[in-house]
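Below: one structure, written as structure tokens.
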């Protein structure tokens with residue numbers, strides 16, 4: 001690649017990064033400001049009022065260690081939603097990977113009739129508008145008793161998550177040589193140890209990426225949670241939307257920060273697995 | 001030190017219209033070095049995988065030291081296979097790779113370290129224990145794979161195309177190493193190859209397999225001198241085949257009666273086929289042979305260094321003869337020649 005092109009590429013990356021980061025900075029200032037309106041370039045007054053109203057920081061005068069504990073122990077809506085989002089996210093991530101593992105192995109290693117068709121049907125939830133299938137699902141979920149509870153929400157989150165997880169893991173298995181397992185078996189490793197010592201290290205990078213996708217898709221799910229949870233299962237996206245429609249920018253900014261912070265944290269720790277050189281994503285072309 | 005009996009082994013795959021392995025019977029003695037020889041896709045690797053337990057046979061039995069292996073899981077069979085592409089575990093260094101089998105047995109770590117060192121010395125690769133497989137050359141990887149396979153004293157060692165991924169000069173070296181180690185450890189060894197020369201150089205006995213069927217199982221020498229059928233003879237470079245009929249303790253052909261001394265005369269069918277290796281045919285311009293001598297015409301002469309090859313037409317029959325170039329009579333194309341087929345060198349077979 002010639003040098004100028006390289007430079008342009010680097011600038012493009014910088015530009016992209018700025019476009020992504022600038023709103024975050026604005027968010028951050030907003031969350032700690034008091035009445036920051038249009039012509040002002042910087043807010044006149046900094047304040048923690050948004051955080052107080054979210055019941056994450058105690059009122060002035062009660063900001064001691066005990067004060068924090070007491071406030072958080074009162075189970076404010078934000079913390080409840082945060083815990084819900086986190087636990088649903090982790091649960092569906094683990095379940096989706098357990099389900100996807102055998103499917104991805106077959107799709108990645110074997111060739112059979114209708115394989116393309118099966119892959120197409122499998123990824124169809126990503127093309128279909130969620131409202132289209134969730135309304136139909138809702139009727140069934142109500143009759144099965146899954147509607148309006150935690151379990152139902154977890155179940156419906158699996159619908160948009162599975163395609164990402166299965167596809168990512170299929171990519172890994174397309175690059176995977178099962179003879180390594182056979183080799184370990186002839187050397188005296190039983191099935192469990194073969195999986196732990198041979199298979200798992202080989203597919204771990206792909207599993208991390210798949211888990212990342214799964215968690216983030218679940219984390220940002222609004223419509224499905226809203227409809228199947230019937231307002232009884234409160235997650236962070238639901239709280240963000242209802243707060244945003246209340247029209248207090250500082251409050252919205254504060255809760256948005258809580259919303260995006262875990263996502264950024266997870267991306268930060270897993271980014272090395274997502275890069276182009278990683279084994280996790282290099283198998284995609286082979287599916 | 002283990003002997004292996006394969007009985008009526010059959011294995012089919014849905015994607016193939018003939019059985020991949022069709023009724024194979026083999027008795028391999030303790031400490032033997034046996035080659036499974038045949039073109040690719042003939043089922044030889046399938047047999048190996050059934051011995052390791054990675055495939056289950058449709059029917060038949062595999063018996064190791066009087067005990068059927070079929071119900072025993074792969075990891076408890078004591079059968080170790082070295083795959084064609086070595087398959088060193090990429091996340092482990094050489095020491096960890098070589099010590100893998102002992103670690104699986106739960107051997108004490110100090111003893112493992114000691115044994116790993118011994119094995120690496122045996123394959124002449126000391127001092128590379130801390131490297132990762134990626135940092136090794138193909139030949140080194142092959143040796144490490146061999147060390148890894150041998151560390152737990154396997155009852156049977158299986159090698160899948162052990163030399164096919166190596167350069168020519170490494171191949172000779174590796175072949176010597178395999179023979180040396182095999183003789184030292186006396187481990188019953190089976191290796192798979194499609195290279196007839198490799199099988200002859202390495203093996204005590206060769207099992208020749210075509211299309212899933214065992215053709216013959218005997219010493220390399222017998223394949224040259226006493227092949228069982230045309231296919232086997234052709235695979236080992238046989239080119240001369242003469243249709244014959246039994247007649248008065250001899251064989252009659254359309255070039256004349258051929259005297260035959262082979263010990264299998266009584267086993268021969270009425271119609272049979274005579275073969276003789278090109279290097280065993282003798283030529284002379286004057287008819288100075290007692291019997292089995294036929295008049296023919298030289299069709300072509302091809303000089304190929306140490307040997308010269310002649311094609312001779314005798315009564316519509318084309319024979320090929322290969323003579324040492326040194327001290328050769330002056331024979332040219334279109335010369336009339338007497339062809340002598342020494343009666344102790346010809347061999348007759350049924351198919």
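FYI, it's all coordinate maths here, none of it is from the lab. This one's a predicted model, so the numbers in the text were calculated from it and none came from an experiment. Every residue, glycine as well, gets a Cβ built from its backbone with ideal geometry; the counts of neighbours run over all protein chains shown.
Details
- Region B:1-153: relative contact order in percent, alpha carbon pairs under 8 Å with at least 6 residues between: 21 percent
- Region B:296-351 and region B:239-287: distance between their alpha carbon centers, rounded to Å: 15 Å
- Residue-averaged [θ]222 nm for chain A, counting only DSSP H segments that reach four residues, each worth -39500 (n - 2.57): -23500 deg cm²/dmol
- Shape call, region B:1-92: gyration tensor on alpha carbons, a/c limit 1.5: rounded
- Its relative contact order, with pairs defined as Cα atoms under 8 Å and 6+ residues apart, puts region B:198-268 at 15 percent.
- The fewest-to-most ranking of A:259, B:55, A:120 by surrounding Cβ atoms within 10 Å reads A:120, B:55, A:259.
- Angle between chain B longest axis and helix B:94-104 axis [Cα atoms, degrees, rounded to 10]: 80 degrees
- Shape of chain B, Cα gyration tensor, a/c cut at 1.5: prolate
- Rounded to the nearest 10 degrees, the angle from helix B:168-185 to the longest Cα principal axis of chain B is 70 degrees.
- Listed from fewest to most Cβ neighbours within 10 Å, the set B:137, B:284 follows the order B:137, B:284.
- Cα-Cα pairs of chain A separated by more than 30 Å (percent): 47 percent
- Relative to the longest principal axis of the Cα atoms of chain B, helix B:138-150 runs at roughly 70 degrees.
- Put the Cα centre of region B:1-73 next to the Cα centre of region B:93-151 and the gap is 28 Å.
- Rounded to 5, percent antiparallel among DSSP beta bridges of the protein assembly as shown: 75 percent
- The order of A:38, A:11, going from fewest to most other C-beta atoms within 10 Å of their C-beta, is A:38, A:11.
- Stokes-Einstein D (µm²/s) once Rh is taken as the Kirkwood radius of region B:56-200 over alpha-carbon pairs, at 10 °C in 1.306 mPa s: 99 µm²/s
- Separation of alpha-carbon centers, region A:161-231 and region A:54-101, rounded to whole Å: 27 Å
- Chain A, relative contact order [Cα under 8 Å, separation at least 6], %: 26 percent
- Over the residues of chain B, the helix contribution to mean residue ellipticity at 222 nm works out to -7000 deg cm²/dmol, using -39500 (n - 2.57) for each DSSP H run of at least 4.
- Classification of region A:1-119 by its C-alpha gyration tensor yields an oblate form. The axis ratio a/c (a ≥ b ≥ c) is 1.5 or more, and b/c is at least a/b.
- Long-range Cα-Cα pairs in the protein assembly as shown (distance over 35 Å), rounded percent: 62 percent
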